[in-house]
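I have placed the structure first, in the form of structure tokens, so that the comments after it can refer back to it.
The values are calculated or read from the model by the stated rules, or taken from the named source; none is laboratory data. Everything numeric here is computed off the predicted structure, so don't read it as measured data. Using ideal geometry, Cβ is built from the backbone for each residue, glycine included, and neighbour counts are taken over all protein chains shown. Ligands, DNA and RNA are stripped out before the accessible areas are found, and what is left, the full protein with its side chains, is counted by its heavy atoms. Shrake-Rupley method; radii C 1.70, N 1.55, O 1.52, S 1.80 Å.
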Amino acid sequence: MATYLVCFVILFSFVNSLKYDPTWESLDARPLPGWYDEAKFGVFVNWGIYSVPAFSSEWFWWQWKGQPMRAVVDYMQKNYRPDFTYADFAAMFTTEFYDPEEWAEMFQDSGAKYVVLSSKHHEGYTMWPSKYSFNWNSNATGPKRDLVGELAAAVRAKTQMKFGLYHSMFEWFNPVYLNDKDSGFKKQDFVRTKTMPELYELVNAYQPEVIWSDGDWEANDTYWNSTNFLAWLYNESPVKDTIVANDRWGHGCPCKHGGFFSCTDRYNPGKLQKHKWENAMTIDKFSWGFRRNARIEDFLTIEQLLSQLISTVSCGGNLLMSVGPTKYGTISPLYQERLRQMGQWLRVNGDGIYGTRPWVHQNDTVVKNVWYTMKKGATETDVYAILLEWPDNNLVKLGAPITSSDTTVNMLGYPDKVTWTTGAGGKGINIQIPPLSVKTMPCKWAWTFKMTGLQN
Ligand SMILES: *[C@@H]1O[C@H](CO)[C@@H](O)[C@H](O)[C@H]1NC(C)=O
Ligand SMILES: *[C@@H]1O[C@H](CO)[C@@H](O)[C@H](O)[C@H]1NC(C)=O
Ligand SMILES: *[C@@H]1O[C@H](CO)[C@@H](O)[C@H](O)[C@H]1NC(C)=O
Ligand SMILES: *[C@@H]1O[C@H](CO)[C@@H](O)[C@H](O)[C@H]1NC(C)=O
């Protein structure tokens, strides 16, 4: 008993004294909280004042006044009075149909295990009543609501998903930021009075489990004070044990420092990565925010989205899929359909996605568009082959698996065993898919074969 107690006390004080220093060496050594790698799929919500013009992209203000784009300048000239300012859009950000519980349930129904909401984009408008964004926040102008707080509450009340927040460090036109920039980032007034106070406020008020930082690239992490913030986040914050952060913490950081690597937008390297990573991408090929003038062919099909999810997970990544809500607070039916389709597919095939690990092969050695994942149990290992294309003659000849006399094959969503033979020369496996009708087809778009008893 005494020994046990002593051990316990030593162990406890050891765990308690694990503190991260504000250096990359220390912060990068923190193990990523386990929930994130299990989750595999999240929904990204890109919503802000740019959802009012809903034209071109969420970079609208910049494309109008920063580095003008002809289409945006023309659009403003044709449709708005000459003295109209970007700030005038805020009054039109009405969000009257915003029903955060409906959103939360819709996102959960997509099979997502986490949701990341944009709390502030480069325009600087905060989607919560920030003390540090006078008159440029969702409580003071526009919706007169706490858009962040309402979704946080709904996600927690109605779903099992984790709630996360996107936050832009810089702001295109903030005079305090521009003044720091003019000083060659020797001054840190913007970081001291805006970026950092906002980040602490967000974490303390909403306790997000993802901090998805962005807008960092013009200055280095010393200017942003990033390592001091992360040390607080990991040591002392109310979410210190569960929080995951990305890698956009200053020029030179992405793909190098931080929590999971988000690297560049739509990052999908197609091969196994050493460090946990995320593919943040969009359903609309051209925009993270809603576009009123989008055409149907601008959106990824469900087959294309599944190809992103499956290849990403096979190579050790998570997929964060972006939807852009409207200024009314609605999610357009096209986005809704893609979310529902992801959910439909994941309900049949999720066993080969959630909680899996990369296998020795990521894609097949012979057949194109076949990706692998695996799950190691106490006694057996399940290997999943996910096909993005239906094979000719219902026969798929995979090159990578090495069979044994114990090998079994199942098709997810199909009740019976599937027959197989070892491939030519004792290599690979030939799977004879049972003849399926529209009624017995477990799911269209992509198909998962679960193999046990392989030698590799
Ligand atoms: C939100 O705005 C209302 C009305 O202007 C105000 O009474 C309230 O204090 C504000 N809430 C916060 C958290 O700032
Ligand atoms: C980071 O930027 C600051 C200016 O804000 C500069 O003084 C410093 O040398 C830079 N550090 C590195 C490692 O480049
Ligand atoms: C950077 O963080 C440290 C530790 O929290 C703090 O003492 C310092 O004032 C911060 N500097 C700026 C510019 O925010
Ligand atoms: C598997 O992926 C690798 C790396 O992306 C690629 O070079 C190779 O062609 C793929 N194999 C097949 C059979 O498509």
Exercise for review: Please name all residue pairs, on different chains or six or more residues apart, with Cβ atoms under 7 Å, provided the first residue is in the stretch 199-220 and is of a type in the set (Ser, Thr, Tyr) and the second residue is within 14 Å of ligand 3 (Cβ to nearest atom).
Suggested key: SER213/MET169; SER213/TRP249
Practice item. Would you please name the residue that is farthest from ligand 1 (Cβ to nearest atom), looking only at residues in the stretch 201-248 that are within 23 Å of GLU171 (Cα to Cα) and small (Gly, Ala, Ser)? Key: ALA219
Exercise for review: Only residues in the stretch 266-278 that are over 20 Å from SER322 (Cβ atoms) count as the first member; pair them with residues that are of a type in the set (A, V, I, L, M, F, W, C) and outside any loop (DSSP other than H, G, I, E, B), Cβ under 7 angstrom, at least 6 apart or cross-chain, and list the lot.
Suggested key: HIS275/PHE261
Revision key, fill the gap. Of (1) modelled with pLDDT under 95; (2) surrounded by 15 or more Cβ atoms within 10 Å (Cβ to Cβ), ASN363 fails just (1)
Check your understanding: Of the residues ALA378, ALA385, which single one is of a type in the set (A, V, I, L, M) and either at pLDDT below 95 or not in a strand (DSSP E or B) (or both)?
Key -> ALA378
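Okay, residues lined up against (1) in the same structural domain as ASP28 (by TED's automatic domain parsing); (2) touching a helix residue (DSSP H, G or I) at 6+ places or on another chain (Cβ under 6 Å); (3) under 17 Å from PHE44 (Cβ atoms):
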position: MET169; (1), (2), (3): yes, yes, no
position: TRP172; (1), (2), (3): yes, yes, no
position: THR193; (1), (2), (3): yes, no, no
position: TRP217; (1), (2), (3): yes, no, no
position: TYR223; (1), (2), (3): yes, no, no
position: SER226; (1), (2), (3): yes, no, no
position: ARG248; (1), (2), (3): yes, no, yes
position: HIS257; (1), (2), (3): yes, yes, no
Point to revise | So SER287, is it touching a strand residue (DSSP E or B) at 6+ places or on another chain (Cβ under 7 Å) and either part of a helix (DSSP H, G or I) or open to solvent by less than 10 Å² (accessible area, probe 1.4 Å) (or both) | key: no
Check your understanding: For the stretch 431-452, what are the residues that are surrounded by 16 or more Cβ atoms within 10 Å (Cβ to Cβ) and over 31 Å from the mean Cα position of the chain (by Cα)?
Key -> ILE431, ILE433
Exercise for review: Go through GLU236, GLU198, GLU218 for me and flag whichever is of a type in the set (Asp, Glu) and open to solvent by less than 30 Å² (accessible area, probe 1.4 Å).
Suggested key: GLU198
Practice item. Identify the residue in the stretch 85-113 that is open to solvent by 20 Å² or more (accessible area, probe 1.4 Å) and hydrophobic (A, V, I, L, M, F, W, C) and, among all such residues, is farthest from GLY343 (Cα to Cα). Key: ALA87
Check your understanding: How many of the residues making up the stretch 32-65 are over 24 Å from VAL239 (Cα atoms) and among the small types (Gly, Ala, Ser)?
Key -> 5
Check your understanding: Can we say LEU165 is touching a residue at least 24 places away in the same chain (Cβ under 8 Å), within 21 Å of ILE211 (Cα to Cα) and either of a type in the set (Val, Ile, Thr) or more than 13 Å from ligand 1 (Cβ to nearest atom) (or both)?
Key -> yes
Point to revise | Residue match in the stretch 268-278 (condition: out of contact with any Lys or Arg (no Cβ under 7 Å at 6 or more places or on another chain), under 24 Å from ALA219 (Cα atoms) and open to solvent by less than 10 Å² (accessible area, probe 1.4 Å)) | key: yes
Practice item. Under 9 Å between Cβ atoms, at least 6 apart or on separate chains: pull out the pairs that start in the stretch 305-321 with a residue that is touching a residue at least 12 places away in the same chain (Cβ under 8 Å) and at positive phi and end on any residue that is part of a strand (DSSP E or B) and not small (Gly, Ala, Ser). Key: GLY316/TRP277; GLY316/ARG357
Check your understanding: In the stretch 107-130, is there at least one residue being touching an Asp or Glu at 6+ places or on another chain (Cβ under 9 Å), in contact (Cβ under 8 Å) with a residue 60 or more places away in the chain, farther than 23 Å from GLU198 by Cα and in a loop (DSSP other than H, G, I, E, B)?
Key -> yes
Review point. Here are some residues: LEU346, LEU339, LEU309. Which one is in contact with a helix residue (DSSP H, G or I) (Cβ under 7 Å, 6 or more places away or on another chain) and more than 16 Å from ligand 4 (Cβ to nearest atom)?
Key: LEU339
Point to revise | In the stretch 171-193, the residues that are of a type outside the set (Ser, Thr, Tyr), within 16 Å of ligand 2 (Cβ to nearest atom) and open to solvent by 10 Å² or more (accessible area, probe 1.4 Å) | key: VAL176, LEU178, ASN179, LYS181, ASP182, GLY184, PHE185, LYS186, LYS187, GLN188, ASP189, ARG192
Check your understanding: Is it the case that LYS158 is within 21 Å of PRO53 (Cα to Cα), assigned by TED's automatic domain parsing to the domain that holds TYR223 and open to solvent by 20 Å² or more (accessible area, probe 1.4 Å)?
Key -> no
